[in-house]
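FYI, it's all coordinate maths here, none of it is from the lab. Small disclaimer: the values here were computed from a predicted structure and weren't measured. Here the Cβ positions follow ideal geometry from the backbone for every residue, glycine too, while neighbour counts run over all protein chains shown.
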Amino acid sequence: MQRRQFLASAAVGAQPRPASPQTGTRPNILFYCTDQQRWDTITSLGNPHIRTPNLDRLAASGVAFTRAFCQNPICTPSRASFMTGCYPSNLHVHRNGNMRFPAELEPRLLPRRFRDHGYDTALIGKLHLSGAQNRVEPRIDDGYRVFEWSHQPTPEPYWPVEVHAYHSWLRDRGVSWKQLYRSRPIGGYPRTFNSGMPSEHHEVPWGVERAIAQIRGGLRAPWYMNVHCFAPHPPFDPAPEYLERMKPAELPEPLWRESDLAHNADFANVDHNTTKTIPPHSYEARHMKACYYAMIEQIDHEFGRLYDALTESGQLENTIIVFTSDHGEMLGDHGLRYKGCRFYDSAVRVPLILSWKGHWKAGLRSEALTELVDLAPTLLEAAGAPIPGQIQGRSLGPILRGEAPPGRHRDFVRSEFFDSSNAANHSHATMIRDDRYKLTVYHGQPIGEFFDLREDPHEFHNLWNDPARASERCRLTAQLLDATALAADVGAPVFGRF
């Protein structure tokens, strides 16, 4: 029954192939989003312990925003946010595992807006606008004509092969996940952090292969395509070919001080995937980081194939490329792993590179504070599409075109986490960060976090109760209150005076 319901909903959501555009000036848009990739994972942007030659090439061809922040540190709210240009609280999309994506918000989704603007549209990979545990994620009128959906690569009994595009691909190759997964463990690594599927059968090259097929003839220009891979999301299981070349002993340990034990104990009631603090010297933390980096190196390799396909097909000059991630990963920093209601830069700061050859600046590094909600107006503006007033992001176009200083875009950035379904106490928190300070308010809790990032860039010294910083804390609290109120959903349209 579930399979029939999905296929029926897919038929409702599917859209006819659009007619050829009247003009060739509108750019194609390739939006590549990884899952749970933190900001400091690109060689040319400051990490000497990882090899990302293709992301380096992308950064050299475009603008890298080195202080970009997601609007929620878990998947569904963040994805709903950057795919609409609105804050999660404005959308009432706060959780992973939500029953549905609100039908009244479907027209706000970028693929819907681009479809309505005459674009051919495609999804390859993860969507996660609503819950996918114990069921197939319901298809909505999302605007995609091509819909090759996959979720977590691990096979699940409630994801039929014919619906889960990655597992359909494996089946068509005569490949058994159960036989190949973890079949080539790398010596010296614990089973918890070790290799997964071989490279040629991994989910990352599957997504790129399908995207290349669309670039080479599946989509009609102008096109908009989301390629959303699941890596480097846990369980940290890279292809063995990439893990073999990692050297864990040469990697730095996660950020840690003994004071993290007492600090995190104050936040034991705040929802997080791992609320227990685990010092990095008490487990194979470097091996975990090696697995994570190996997954990103495979992403980089496959992304290079995608970039080459655009070049070889003659479409690179007329294609906007976006590379980002939905949120970060603690990766052992401060004794925490994974994601949740904490707002360290490890969790909320993400990579963001935008490139449009010949139209936007090349090789520019921007330290401007930016948010992922800024992507929607940026892309709509570049395509000549209307930007509705309900969009809360601000276009990055002036910086991209070299018309504005690259160091300034927003006075502050904001992130939020409301009412997780994974915690009995239903955590609520909001974060605001300006050029110097970061404030996080855990609503209903007697504690909070306040960091001076100029003096303490790694966020070890909580100044929440420091009377010498009270005026700055109050200033940011007032800004946060105003920003939260101004972003609220005002409800149904007004039709009269009363």
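Here are some notes:
- As a length-normalised measure over Cα pairs under 8 Å and 6 or more apart, the relative contact order of region 440-498 settles at 18 percent.
- Calculated over the chain, the projected area of the Cα convex hull averaged across directions stands at 24.6 nm².
- LEU352 long-range amide H proximity, modeled H, under 5 Å: PHE65
- Packing here is the average count of other Cβ atoms within 10 Å per residue, and on that basis the peptides 233-241, 257-265, highest first, run 233-241, 257-265.
- The lysines whose alpha-carbon is closer than 18 Å to the alpha-carbon of LYS289, local same-chain residues fewer than 8 away aside, are LYS247, LYS339.
- Inter-part distance where region 141-177 and region 246-267 are each reduced to a Cα centre, Å: 37 Å
- Mean separation of Cα contacts under 8 Å, 6 or more apart, over the residue count of the chain: relative contact order %: 23 percent
- Subtracting the Cα-Cα distance of ASP172 and ASP419 from 0.36 nm times their residue separation leaves 84.8 nm of extension gain.
- Gyration tensor over the Cα atoms of region 248-314: the corresponding equivalent ellipsoid has semi-axes (square roots of 5 times the eigenvalues, largest first) of 37, 16, 8 Å.
- Backbone N within region 72-99 under 19 Å of label point (7 Å from TYR158 Cα along the Cβ vector): 75-77, 94-99
- Considering only beta bridges that DSSP places wholly inside the chain, some 45 percent are antiparallel.
- Separation of the VAL490 and ALA478 label points, Cα + 7 Å toward Cβ, nm: 2.5 nm
- Note that region 32-49 has calculated 3J(HN,Hα) couplings of 9, 10, 8, 10, 6, 9, 6, 5, 9, 10, 10, 4, 5, 9, x, 10, x, 9 Hz, one per residue in order, obtained from phi through the Karplus relation 6.51 cos²θ - 1.76 cosθ + 1.60 (θ = phi - 60°); glycine and proline are x.
- Computed over all pairs of different Cα atoms, the Kirkwood value for the hydrodynamic radius of region 416-498 is 14.7 Å.
- For region 392-404, 3J(HN,Hα) per residue [Karplus equation, 6.51 cos²θ - 1.76 cosθ + 1.60, θ = phi - 60°, Hz, x = Gly/Pro]: 9, x, 10, 4, 8, x, x, 5, 4, 8, x, 9, 9
- Cβ crowding within 10 Å averaged over residues, with 286-298, 350-362, 164-176 ranked highest first: 286-298, 350-362, 164-176
- 5 angstrom amide H check on ILE29, placed H, neighbours 5+ away: TRP223, TYR224, MET225, ILE320
- Remark: relative contact order (region 246-399) = 22 percent; criterion is Cα-Cα distance under 8 angstrom and separation of 6 or more residues.
- Built amide H within the under 5 Å cut-off of GLU371, gap 5+: PHE69
- Descending semi-axes in Å of region 230-346, equivalent ellipsoid built from Cα gyration tensor: 33, 18, 10
- Residue separation of PHE460 and HIS92 scaled by 0.36 nm, minus their Cα-Cα distance, works out to 129.2 nm of gained length.
- Computed from backbone phi with θ = phi - 60° and the Karplus coefficients 6.51, -1.76 and 1.60, the 3J(HN,Hα) list for region 143-149 is x, 7, 7, 8, 9, 10, 8 Hz; x is used for glycine and proline.
- Extension gain for ASN269-SER199 works out to 21.2 nm (0.36 nm per residue, less the C-alpha to C-alpha distance).
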